[in-house]
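What follows is calculated from the coordinates using simple rules that are stated; it is not laboratory data. As the structure is a computational prediction, the values presented were derived from the model and not from experiment. Glycine gets a Cβ as well: all are built from the backbone with ideal geometry, and neighbour counts include every protein chain shown.
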Amino acid sequence: MRSTRTKPVLRFPEFKEDWKECKLSDFLTRYSETNKDEEFSLDEILSLSSHYGIVSRKELLEETYSNVNHLSYKKTRLNDLVYGKSISASYPYGLFKVNDYKDGLLSTLYYTFKVKENVFPKFIDCYFSHLNRANNFLRKYVLVGDRYITADADYLLSGKIYLPSQKDEQKKISDSLIQIDKRIAQLKEKKENLELYKKGITQKLFSQKLRFKDENGKDFPEWEIKKLKDVFSRKSIKNKGSLIKNVLTNSATRGIISQGDYFDKDIANQNNLEGYYIVEVDDFVYNPRISVSAPVGPLKRNHLVKGVMSPLYTVLKPKSGNLCFYEHYFQTSFWFKYMRGIANYGVRHDRMNITNEDFEKLPLPYPHIKEQEKIASFLNEISKQIALVNEQLEETRNFKKALLSKLFC
């Protein structure tokens with residue numbers, strides 16, 4: 001149901017007037033000038049991304065345009081409002097974004113609107129940044145196909161929203177959200193830089209290009225190479241009587257997590273878990289399913305709870321060595337070559353088919369235990385910094401989400 005509030009829940013105190021219901025046509029006009037005059041080149045074709053807004057299509061998709069008739073493409077100018085008719089998970093009815101990038105061209109899949117002087121363009125962008133608000137508005141005015149949306153520009157312009165009558169209030173709301181966006185961008189960059197640093201330093205540590213000294217400033221002994229079966233023992237203890245109900249799964253990106261959390265429901269039959277393997281905290285679990293994030297399948301440490309996992313997984317109990325050292329090692333690609341060499345993909349191209357005997361021969365580095373501890377401690381500290389920045393990032397995103405729901409009618 002469309003909101004009928006004439007004042008937002010959260011408001012700057014200097015503004016008192018009710019917001020007014022307006023048609024989009026009261027502050028937008030359709031703009032559909034083609035590029036027949038060749039004002040813009042192929043390299044100036046733009047695209048609309050749900051994550052980044054208006055961006056260079058060439059940079060976004062790394063495409064070339066030798067076969068594109070860019071003369072038929074539509075022009076867009078800075079501060080135009082663009083409606084994209086592509087379907088995505090977050091925006092199943094398309095999305096609105098203000099062009100805050102540059103003048104350029106858009107394909108005919110987009111509608112471009114000029115924003116009139118009575119409305120601050122970024123305010124409209126912020127208004128439709130709230131997923132529920134955007135989707136609830138658009139679902140009434142478009143038809144959704146398999147890949148694209150059928151929409152009539154004039155029908156879209158007949159839609160109504162509430163706006164502050166004072167442009168100063170529009171600008172103040174927009175400016176406050178822009179500052180939050182800048183903070184989010186800073187935190188994202190900080191997180192990405194820390195992750196790159198960790199990836200680089202991890203590579204140097206496990207390739208032994210960078211070595212720690214012992215407490216006396218002397219070199220540690222040369223690293224040994226041991227087989228996986230010397231460092232871990234394979235476990236296959238079954239859940240007799242289905243007494244343990246915590247069903248876990250091994251995600252390439254999220255590690256060991258509850259199956260219910262991962263799939264939003266329990267996939268396993270809670271009354272028939274007897275064949276599942278028991279997994280203790282600090283056990284390591286190998287999932288043979290391959291993906292872009294885990295080209296030979298993820299091998300993760302269980303930090304969560306005691307639970308059970310499908311017998312398709314291999315459960316490993318540590319026998320020696322530092323747990324954190326091997327947790328970091330299995331996040332690298334150093335063990336991939338051996339796994340690919342012993343795998344038989346068979347008919348399942350999405351799964352590594354490896355015998356237990358071959359898997360247990362996986363060669364693992366085994367530095368002096370004190371060096372393992374130093375490496376693990378160093379990488380743990382970087383991981384803590386990444387986790388802290390990520391927590392700040394999520395808090396800021398949630399803060400913005402709350403503001404988007406309360407600063408508008």
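Pulled fully out, how much extra length does the chain show between residue 377 and residue 209, if you take 0.36 nm times their separation in residues and subtract their Cα-Cα distance? Provide the component values of the computation, followed by the final result.
Numbers: separation 168, 0.36 × 168 = 60.48 nm, distance 1.79 nm.
Stretched out fully, the residue 377 to residue 209 stretch lengthens by 58.7 nm.
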Using +1 at the Cβ of each Lys and Arg and -1 at the Cβ of each Asp and Glu in the range 106-236, identify which of 119, 194, 130 lies farthest towards the dipole's positive end.
194
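Using 0.36 nm per residue of separation minus the Cα-Cα distance, give me the extension gain between residue 236 and residue 344 in nm, one decimal.
Values: separation 108, 0.36 × 108 = 38.88 nm, distance 2.23 nm.
Separation in residues times 0.36 nm, less the Cα-Cα distance, equals 36.7 nm.
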Along the Cα→Cβ direction, 7 angstrom out, place labels at residue 12 and residue 197. What is the inter-label distance in nm?
3.7
Length released on extending from residue 399 to residue 131, taking residue separation times 0.36 nm less the Cα-Cα span:
95.0 nm
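Return the ratio Rg/(2.2 N^0.38 Å) for the chain, where Rg is computed over Cα atoms only. Write down the numbers at each step before the final one.
Values: Rg = 27.7 Å, N = 409, 2.2 N^0.38 = 21.6 Å.
Normalised Cα radius of gyration, the chain: 1.28.
At 222 nm, what helix-only mean residue ellipticity would the chain give, in deg cm²/dmol to the nearest 500, using -39500 (n - 2.57) for each DSSP H run of four or more?
On the way: 11 runs with 131 residues, N = 409.
Per the formula, -10000 deg cm²/dmol.
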Specify the inter-centroid distance of the range 162-214 and the range 19-59, based on alpha-carbon positions, in whole Å.
27
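I need the calculated FRET efficiency for the pair residue 225 and residue 5, taking r as the beta carbon distance and R₀ as 45 Å, to the nearest 0.05.
Working: r = 68 Å, r/R0 = 1.51.
Efficiency, rounded to the nearest 0.05: 0.10.
Cα-based Rg of the range 224-365 per 2.2 N^0.38 Å, rounded to two decimals?
Details: Rg = 14.7 Å, N = 142, 2.2 N^0.38 = 14.5 Å.
This ratio for the range 224-365 stands at 1.02.
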For the range 354-404 and the range 91-132, compute the distance between their C-alpha centroids and round to whole Å.
39
Among 325, 399, rank each residue by its count of other Cβ atoms within 10 Å, from fewest to most, as a rough exposure measure.
399, 325
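Return 165, 236 ranked ascending by Cβ neighbour count within 10 Å, so the fewest neighbours appear first. Mind dumping the intermediate values first?
Working: 165 13, 236 10.
Least to most surrounded, the residues fall as 236, 165.
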DSSP beta bridges in the chain [antiparallel fraction, %, rounded to 5]:
95
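What FRET efficiency, computed as 1/(1 + (r/R0)^6) with R0 = 30 Å and r the Cβ-Cβ distance, is obtained for residue 384 and residue 320, rounded to the nearest 0.05? Write out the running numbers ahead of the final one.
Values: r = 25 Å, r/R0 = 0.84.
My answer for the efficiency is 0.75.
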For the range 333-388, what does the alpha-carbon gyration tensor say about shape, rounded, prolate or oblate, given a ≥ b ≥ c as the root eigenvalues, a/c under 1.5 as rounded, and a/b over b/c as prolate?
oblate
